[in-house]
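A short write-up of the structure that comes next.
The values are calculated or read from the model by the stated rules, or taken from the named source; none is laboratory data. In this text, all values refer to a predicted model and were calculated from it rather than measured experimentally. Positions of Cβ are generated from backbone atoms using ideal geometry, with glycine treated the same way; all protein chains shown enter the neighbour counts.
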Amino acid sequence: MTAPMPPAAAPAGNDKTTLWGVLAIIFDFCCVPLGIVFAVLSLLEAKKAGKQPTLAYVAFGIAALGVIVNIILFATGNSPFMRK
């Protein structure tokens, strides 16, 4: 008697949760608005696919931190974008 075959692996979903999340984190360091757009896409895709939106939350956190740091730098006059 032969052993039964194991069940076939489920096909990989076509969701792009990880892609959008990684792009969001990368763009948060150079272009915050674009990072936020990708974070929103990651969040929506994760909810649609039933996955955890961890990368989206990380991207939102990095974007918020970047905005806060830039506000503080502009307020204190230490921003690298301000002319002296």
Looking at (1) exposed (fewer than 14 other Cβ atoms within 10 Å of the Cβ); (2) at pLDDT 95 or above, which is the one condition that is false for Lys48? (2)
Pairs returned, first residue in the range 64-80 that is free of Cβ contacts under 8 Å to residues at least 24 places away in the same chain, second residue that is assigned to a helix (DSSP H, G or I), beta-carbon separation under 8 angstrom, 6 or more apart or interchain, are Ser79/Asn70; Ser79/Leu73; Pro80/Leu73
Might you check whether a residue that is free of Cβ contacts under 8 Å to residues at least 12 places away in the same chain, in a helix (DSSP H, G or I) and surrounded by 19 or more Cβ atoms within 10 Å (Cβ to Cβ) occurs anywhere in the range 34-42? no
Within the range 59-81, take every residue that is closer than 14 Å to Cys31 by Cβ and modelled with pLDDT of 95 or more and give me the one that is surrounded by the fewest Cβ atoms within 10 Å (Cβ to Cβ). Ile62
